[in-house]
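So the structure is just underneath, and the comments pick up after that.
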Amino acid sequence: MVVIDVSADLAHLDQSLEQLPNLPAVFLLWPERGAPYLARTALLRRRLSRLMGRRDRPSRLLNLREVVRRIEYQITASKLESAVRLYELARAHFPDSYSEIVKLRMPPYVKVVLQNDYPRTQITTHIARTHAFYYGPFRSRASAERFESQFLDLFQIRRCQEDLIPSPNHPGCIYGEMGMCLRPCQQVVGPDEYAHEVSRVVEFLSTDGKSLLDPVASSRDRLSEEMRFEEAARQHKRFEKIQEVLKARDDLARDLDKLNGVAITASAETGAIELWIVANGWWQDSRRFRFEMPDGQPVSLDRRLRDLFEKLELRRSDHRERQEYLALLARWYYSSWRDGEWLDFEDFGHLPYRRLVNAISRVARQETTEPEP
């Protein structure tokens with residue numbers, strides 16, 4: 001953060017305002033007493049001139065000229081950086097109200113409630129510490145509900161939300177009558193058989209559908225070789241149905257513990273880009289990657305990136321911080337104003353370095369071709 005002391009005199013304030021860069025930034029205006037004024041802007045000099053500049057005539061606009069004693073600001077080069085820095089400053093200075101200040105909206109997830117004796121799925125925006133499986137984040141609750149409804153058609157676990165007390169006299173529901181539920185409520189199956197079906201659900205989600213697609217494809221091909229074409233056609237139809245279900249999920253949605261990726265954005269520093277890393281669903285400290293050669297030695301981008309990720313020490317925060325950073329990522333990723341690029345991968349042991357180098361090169365080219373504001 002750049003700090004400017006304007007407590008000496010107002011003439012110094014005017015001079016300081018004129019020297020400010022007219023770039024996107026996050027800033028704090030500190031009064032002599034009390035909490036600071038926190039905001040972000042696309043044009044720092046213009047915004048602060050409106051808040052603290054001279055006014056010859058009375059105005060209804062907010063003017064902090066006589067109040068502010070210190071200015072702190074940080075230049076940001078991307079929408080993601082602005083959102084993250086605003087969130088971190090708000091959390092530090094307004095611990096009781098920061099979520100309202102940054103308008104933090106948690107994305108929805110499909111949750112498999114594993115702590116229940118007869119597990120079920122539900123849509124939630126809260127990542128709890130309890131034993132559960134999370135799939136997401138989704139763009140909206142509607143898209144999460146649509147995906148949940150479609151993938152549950154492939155299995156026979158319950159859709160009711162009640163805490164089951166199995167009994168032969170339980171009235172059941174329409175899904176049991178249609179053969180789309182194993183009917184544990186009526187004791188048609190026991191806990192072990194029902195748990196096996198739940199494990200198939202979790203495996204389907206954690207493998208992005210491969211646990212169903214691969215056996216169905218193998219069965220289809222085998223039946224076709226055996227010239228049992230009608231049965232092969234039925235298997236092919238099931239294969240297409242599974243594919244349609246997988247197409248219904250949002251791009252960022254996956255097993256939360258397998259959410260790995262890097263957001264590549266422009267940097268406020270010339271000759272550099274910012275890397276925002278997510279490892280196993282946990283937000284990591286950002287890394288600034290500079291293009292200048294270390295010690296003047298010619299080293300390829302690929303080699304330098306490998307060194308960076310091989311030395312990366314992964315960290316885990318608390319669950320609340322985890323879901324809040326993922327909310328910032330989801331808002332940036334699903335927005336119409338997303339800048340930079342997102343590159344996902346299975347794990348850090350199989351990081352696609354060539355794709356990463358190409359993405360970094362594209363972001364760097366965009367940064368150099370953008371006109372000055």
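Annotations
- Any hit, region 174-190, residues being free of Cβ contacts under 8 Å to residues at least 60 places away in the same chain, among the polar types (S, T, N, Q) and closer than 28 Å to residue 254 by Cα: no
- Any hit, region 218-238, residues being in contact (Cβ under 8 Å) with a residue 24 or more places away in the chain and either of a type outside the set (D, E, K, R) or not assigned by TED's automatic domain parsing to the domain that holds residue 352 (or both): no
- Of all residues making up region 88-108, the number that are in contact (Cβ under 8 Å) with a residue 60 or more places away in the chain, buried (at least 19 other Cβ atoms within 10 Å of the Cβ) and more than 25 Å from residue 123 (Cα to Cα): 1
- Filtering region 314-345 to residues that are acidic (Asp, Glu) and at pLDDT 90 or above leaves 321, 324, 339, 341, 344.
- For region 130-147, the count of residues that are touching a residue at least 12 places away in the same chain (Cβ under 8 Å), among the acidic types (Asp, Glu) and exposed (fewer than 13 other Cβ atoms within 10 Å of the Cβ) is zero.
- Scanning region 172-201 for residues that are more than 17 Å from residue 239 (Cα to Cα), crowded, with 17+ Cβ neighbours inside 10 Å and β-branched (Val, Ile, Thr) yields 189, 198.
Residues are listed down the side, and each one gets a yes or a no for (1) closer than 19 Å to residue 78 by Cα; (2) touching a Ser or Thr at 6+ places or on another chain (Cβ under 8 Å); (3) among the β-branched types (Val, Ile, Thr); (4) touching a residue at least 24 places away in the same chain (Cβ under 8 Å):
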site: 306; (1), (2), (3), (4): no, no, no, yes
site: 314; (1), (2), (3), (4): no, no, no, yes
site: 324; (1), (2), (3), (4): yes, yes, no, yes
site: 333; (1), (2), (3), (4): yes, no, no, yes
site: 343; (1), (2), (3), (4): yes, no, no, yes
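- Positions within region 173-212 being in a helix (DSSP H, G or I) and among the basic types (Lys, Arg), in sequence order: 200, 210
- Of the strands (runs of 3 or more DSSP E) entirely within region 1-47, those holding at least 2 residues that are touching a strand residue (DSSP E or B) at 6+ places or on another chain (Cβ under 6 Å) and within 20 Å of residue 91 (Cβ to Cβ) occupy 25-31, 37-41.
- Test set (1) assigned by TED's automatic domain parsing to the domain that holds residue 201; (2) among the β-branched types (Val, Ile, Thr); (3) in contact with a helix residue (DSSP H, G or I) (Cβ under 6 Å, 6 or more places away or on another chain) - residue 113 fails condition number: (3)
- Counted residues, region 243-254 - those being surrounded by fewer than 18 Cβ atoms within 10 Å (Cβ to Cβ) and either modelled with pLDDT under 95 or not polar (S, T, N, Q) (or both): 5
The values are calculated or read from the model by the stated rules, or taken from the named source; none is laboratory data. Computed from a predicted model, the values in this text were never measured in an experiment. All Cβ positions, even for glycine, are placed from backbone atoms using ideal geometry, and neighbour counts span all protein chains on display.
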